[in-house]
Amino acid sequence: MNKKYIVRLTETERDVCKATIKNEKGTSEKLRRATILLKADADGPAWRDQKISDAVGCSTRTVENVRQAFVLEGFEAALVRKKRATPPTPQLLDGAAEAKLIAMRLGKPPSGYGHWTLRLRADQLV
């Protein structure tokens with residue numbers, strides 16, 4: 001099967017990958033991606049996807065995704081994971097409500113209470 005996305009690293013990119021692996025700098029995912037790029041390099045070892053996935057300990061789809069990201073988005077995008085565009089959970093308070101909560105917490109608690117509890121803050125905020 002012919003590969004659609006062929007990885008060809010430059011000398012500087014190859015050196016960055018080797019240095020990342022040697023110094024173990026960054027996350028384990030970054031180390032895995034650097035290893036995948038080095039093994040998939042057409043001018044280097046040019047391993048098959050299955051052999052890379054067995055050596056690195058990931059699925060073949062991960063190897064395909066890293067190669068695709070390298071060809072379409074560039075070296076940095078393939079090496080470092082892309083940040084989420086939106087957070088996984090929506091923000092519950094806007095800036096004004098958050099400022100009100102902080103001001104309330106720094107103020108004195110209502111009479112009959114020694115300190116602000118979470119339930120008391122929630123009741124007062126609502």
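The values are calculated or read from the model by the stated rules, or taken from the named source; none is laboratory data. In this text the structure is predicted, and so the values were computed from the model without any measurement. Ideal geometry is used to build each Cβ from the backbone, glycine not excepted, and the neighbour counts take in all protein chains shown. The protein model used for the area step is the full one, side chains on, heavy atoms only, and it has no ligands, DNA or RNA in it. Shrake-Rupley method; radii C 1.70, N 1.55, O 1.52, S 1.80 Å.
Summary of computed values
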read-out: Matching residues, the stretch 89-126, being among the hydroxyl-bearing types (Ser, Thr, Tyr) and open to solvent by 90 Å² or more (accessible area, probe 1.4 Å); value: Thr89, Ser111, Tyr113
read-out: Residue in the stretch 46-57 that is in a loop (DSSP other than H, G, I, E, B), surrounded by 10 or more Cβ atoms within 10 Å (Cβ to Cβ) and touching a Pro at 6+ places or on another chain (Cβ under 9 Å) present; value: no
read-out: Extreme residue, farthest from Ala78 (Cα to Cα), among residues of the stretch 1-41 that are in a loop (DSSP other than H, G, I, E, B), open to solvent by 40 Å² or more (accessible area, probe 1.4 Å) and among the aliphatic types (A, V, I, L, M); value: Met1
read-out: Test: residue in the stretch 65-75 that is within 15 Å of Val7 (Cβ to Cβ) and among the β-branched types (Val, Ile, Thr); value: yes
read-out: For Thr86: the one exception among (1) part of a loop (DSSP other than H, G, I, E, B); (2) surrounded by 10 or more Cβ atoms within 10 Å (Cβ to Cβ); (3) not charged (D, E, K, R); value: (2)
